[in-house]
1. For region D:208-320, what value does the Rg/Rh ratio take when both radii are computed over Cα atoms and Rh is the Kirkwood radius, given to two decimals?
2. Could you list C:Met354, A:Met71 so that the one with the fewest beta carbons within 10 Å of its beta carbon is first and the one with the most is last?
3. Using the Cα centre of region C:181-248 as origin and beta-carbon charges of +1 (Lys, Arg) and -1 (Asp, Glu), tell me which of C:Asn194, C:Gly226, C:Leu212 is placed farthest towards the positive end of the dipole.
4. Quote the relative contact order of chain C in percent (integer), defining contacts as alpha-carbon pairs under 8 Å separated by 6+ residues.
5. About its Cα centre, how strong a charge dipole does the protein assembly as shown have in debye, to the nearest 20, once Lys and Arg get +1 and Asp and Glu get -1 at the Cβ?
6. What is the fewest-to-most order of B:Met44, D:Met184, C:Met170 by other Cβ atoms lying within 10 Å of their Cβ?
7. So if R0 is 56 Å, what FRET efficiency would C:Lys176 and C:Ala132 give, r being the distance between their Cβ atoms, rounded to the nearest 0.05?
8. Put a dot 7 Å past each Cα toward the Cβ at A:Thr226 and C:Asn76; how far apart are the dots in nm?
Amino acid sequence: MTEALTLRDVDRRFGGLKAVDSVSMTVSEGEIFGIIGPNGAGKTTLFNLISGNVSTMSGAIELYGRRIERMPVHRRARLGLGRTFQTSQLFAGVTVHENLEIAEVSSRRGVGGWLGSPTARRTVEAERVDLEAWDLADKGERLAGELTLFEQQRLALAMTLAAGARVLLLDEPSGGLVESEVHQLMELIRGIRDRGVTVLVIDHKMRLMMQLCDRIMVMALGAVITTGDPTEIAADARVRELYFGRAPVRGVERNERTGGPDPADAHTWRAGPTS
Amino acid sequence: MELLAQQMANGIVLGSIYGLLAICLVLIFGVLDIPQFALGAMAMLGGYVVFLLGPIVGYWVSLLAAMVAIGALGAVVQRLVFAPLRKAADVTVFVAAFGLVLIFQGLALVIFGPDPRQVPPSISGSLVIGGVHIAYHRLVIVGVVLAVFLALQWVLRSTRAGRVIRAVGQSTTGAQVVGIPTGRVAFAVMILGSALAGLAGGLLAPISQAMPLAGDSLTINAFIVIILAGMGSIGGALVAAYIVGLVESLGATYLSQDFSQLYSILLMLIVLLVKPSGLFGKKVSRV
Amino acid sequence: MRHPAPRGRARAAALLGAVAVLAALVGCSTTGSTSKAGTGPLELHLGVIDSITGSAAQYGQDFERGAKMAIDELNNAKDAKVKIVPSFCNSGGDPAQAVTCGKQLQSRDKVTAVVASTSMEAVPLLTFNTSAALGKFVVVGISQAAGLTSSNNPLVVRYLANAPSYLPAMTKLLDKTSKEQSLGIRKVGIMEWNTEAGQALATNFQKNWEALGSAYTVSSAVYQDGTTDFSPQLTSLLAKDPDLIVISQGPASAAIIKQATDLGYKGRYYVPVAQSPTQLATQIPVEDFIGSVFETSQASLDTPRSTKWRDAFKSKYKLDANANNSAGYGSVELIAHAAIAAASVDAEKIRAEMPKVLTIDAPWNIGGYHSLAPSGDVKVEYGLTLVKSADDFELIQP
Amino acid sequence: MSDLPPARNGLASGWGPGRIASLAVLLAAILAPVVLGSGYQLDLLSLVLINAMFLFALDLAYGQAGLAAVGHGAFLGIGTYVVGILAVKAGWPFWAAMPIAILVCAAAGLLMGLITLRLAGHYFVIASLALAIAVGLVVSAWQDLTGGALGLGLVPRPAGVGPVSFEAPSAFYWLLLAATLLVMLVCWSLRRSNVGTRLRSIRENPRLASALGVNIVLTRLLVLVISAALAGFAGAFQSTYLGFITPSVLASNVGFYALMALIIGGQRSFVGAVIGAAFFVLVPVLLQFSSALSPVFFGLALVVVILLAPDGVWGRLRALGRWVATRTRAARGGSSARLEPGQERSLP
């Protein structure tokens, strides 16, 4: 399998706090790779490091074998790295149609990519097909900010693909969704993977993660605790301790920043993976 | 050597004047986020207050009167212009402030005429040390500015009011969340900043004379100072003001006089290129 | 966030706006006034462009007082031969605004003569004052620099100021006085105001002073318009230990003298014509400028003619007349009397009569000018006033 | 501030009020010399056109790229001086000097962008203003080239092309009108191009835009350069309009006034820019009667307009138009009479 994304000894401190502490990981092409851990474990920071919104202090990040850790955000995006954000993930003030147009235009290159017209390559017909695939067919002229949360989430996914993402970072995609929508979301993400896109996902909903991911990496206090497939993770003693135990993790006292597990998550966790 | 010492002395005095206005800007621009471009024009009006009242009540009382009058003007301006515009874009507020400049300067021109009006200094005569002449009034300016700085520093650090002001400066929304009446704080800070502008104008009037356009060059230099310093601390603003004063004064002597204002601008640009947040500012996001 | 407006919404409002624009255009076109000369006195449409706001407001306002005085006198005279119809326009000291003013006066007010208070207003007019299609008009302007008359414009006159014209004689007069009265003036420091007027005075003074001998040296310090603290410039000048500091901006004299005194300077000053010693004495103590020399125009001399004029000015405005007042007055009078002599308000005819009119020793000619070169330069000669003590101002005539 | 989708503004689409108003203004503009003759009203309109050209350019930087370029007046001034210097000192014809002015301004824009674009918010505003002041100081001091404070003149009118001469005021006016339409066309196509789309994404959500691959700095730099070049183009015409150039064309308040004009008129719209240009040319003329008080009235007018219409006169007129339309429809009993939140409130 081709290595889509590789991190080696990536570090990031904020003041005295080690937000990401010597993280190494490898994600293969076409994999769905989950990252879990308590609040403050450094998951979102890790995503920010990969996407370039936060710069690394040391270590290497490779996208399809190419070093990207010194590149600005937009260059990584152009190399095929897409991401969604927990909040304000859309151009809320313009229509769905225009959101997709922006996403598609942003990946174009050359003189035509700058000075050409956004609609030059994109016919209305193609647009409609696209929207249908995302179940947004009748929403094309609505402002993105007026969509429901799940519709917004779908649009955000569609936009990353329109922008040409090959490796996708999804930050809390199930946030605010109801149970039935979470299920649909899972199907969508699998569909994306089936197109050959590699997916990294952070989410608090354990059941989703256990069902969706091929592999899961567990983080706490910025460091990797363990990586494995969902059943291994579920069985891992350190992970159980991390979520429920009072024992110190890696010799460091649990402090307020790590917080306790989400009660809802705890429930799903106890229920165990259903797959 | 004597020339150098004299120009250093000139630079420190110049820096003190810029510093006082820059401190006003740190309060109004830094805390309230209002680009009050009319501060220089308000200082100019303060000069006229001293011109009018000085001969009757004496310099120091008239200086106090200038602070009160310009502070009150600040209150009016806040109520009528800036408070209604608090949700408008930065540049829109800039425009309104520029409108105020035209109004203040225009009124001064119509009421007092274009001729510069003489304002006697607090103490006449000059101190002479080793061939360096410094007018006593200029020493008074340096002293008053330092006193204002120390007093403000104390207020901002050690009093409840100061903590509230700093909280608003950090984040208006955050301050609102913890129950600070941000509107009233803004009002108070605007009055304080304007009163200090009045003080600056009154102090400067014996040097610059009272005239309609007296505040113009002050405003832009005060903005250069706080950008050079980085928005945030009044101490940083004062130090940067001394730097600008010295650069202007020494540049005019040892380089070319054609460009005396250019040196501080170049210094500012170089600093911004190396450290976009200014000399003493905290890191700002770039996008 | 708003929805894009559906098509056709507010079309009515937009059309209404468009109609309003067209209506305004049509309305504007009919406001231009035209006038016919009647059987009575000549009706002379005169434009006055001055900077009554902005950084040159003092010049403009002084100029306008003089101009208004002349207009009132001419219009109220018994059996007046000319009736002046004035139009005033404020340039704010901005040449671009002066262009707008000029075109307004030219095509709306149909002026055939314009007086302008500074070269910022006068020079930009030269791009269109000779256009037959738009309407020709004579420009009588005050300008220190050569630009006004060096462009071969046939309808221009440079009145008062005129640094290249008077400074050769003036520097010689100063040197002569210095030698006769043992003033010991050799080293000169110039406070150069970075404007057209300041530059012209500074460069012409320097050129002529240095030509007087090898011991005659000049150093200069430049400051931007709007400067209020002159210490850096003065410190540089004082380091050269000058015998005389030349001030190139009249209104700034008081501040410069005060600050130079604070810096320990005890020498003399040279003050331009815009500031008279009596005027300055109302601002700062005479003690601060004893030993100084002041450019003095004919209008400020104690001739019966100019004394009478100054008294009339004072009774009208309750102010002491200065050189800019006399320039405003004199430029308007020159135009009016040229028009009377030509018995016409045509711009070219007015201009053609001006050299002749200036040689007449008339009461209105308070500047005492007597020669007008073909280029349009009025030959200007100033005297000097030497402040010997608080109550002894000695006039030295060329 | 809410960010209207620009594709719905001005000339961009449909027969909305924007397009009708634009066409009406255009028609009035073409016919103006016929109605007005060659009087000074025509001259004022010429000045409005030069200012409008500059405001179109400025709107690219401010309205489209979100750069509060207070110092943009420097580009207008540089363009003015380049043509002035080449015409007066080297005798170049206008048509040869104008492209040089555009190139010089583009280069200056590039330089300014490289220096200032990394700066955020207020820092950018002041840095841009400071650069403009620096340009003004250099031009005043460089007397050999620019004539310093003594000014530079006289700059002739553009030479005729074939049988067409531009000496007559109406011909010059039509030339200016053509130039203005050209600038408008450039701005319009840029807004409609991928660059425009990218600019919109940056305005809406810069973080998301860069995550999608938009190079924010490069996009803004490109727009700043184009905007500076267009300002230089406007400056070339200002040069020949004024005929006599002094450092006042580079005064720092030129950029201030321009930005004010744009905000007063309404940004991201051609009609708004024209309204702004007209405001700044015509209001001072209307205030001539008040003589020394005119700056006071002008300042008051500025503050009052800003308070009543923070999103510009044209923005307010559009809101009014929508309101009228909605009311009319509601009166007819139409089903789509839904009033959006904020519209009712935003009325004067």
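1. Working: Rg = 17.2 Å, Rh = 16.4 Å.
Value, to two decimals: 1.05.
2. Details: C:Met354 21, A:Met71 17.
Ascending number of Cβ neighbours within 10 Å: A:Met71, C:Met354.
3. Final value for the positive-end residue is C:Leu212.
4. Details: 767 pairs, mean separation 67.0, N = 398.
Once normalised by length, the contact order is 17 percent.
5. Values: 105 positive and 88 negative charges, 489 e Å.
The dipole of the protein assembly as shown has a size of about 2340 debye.
6. Details: B:Met44 32, D:Met184 21, C:Met170 25.
Exposure proxy ranking, most exposed first: D:Met184, C:Met170, B:Met44.
7. Details: r = 49 Å, r/R0 = 0.87.
For C:Lys176 and C:Ala132, the calculated efficiency is 0.70.
8. 10.8
Read-outs throughout are calculated quantities, based only on the coordinates presented, and are distinct from any laboratory measurement. Note that the structure is a prediction, hence the values are computed from the model and not measured. Methodologically, a virtual Cβ is constructed for each residue, glycine included, from the backbone with ideal geometry; neighbour enumeration extends over all protein chains shown.
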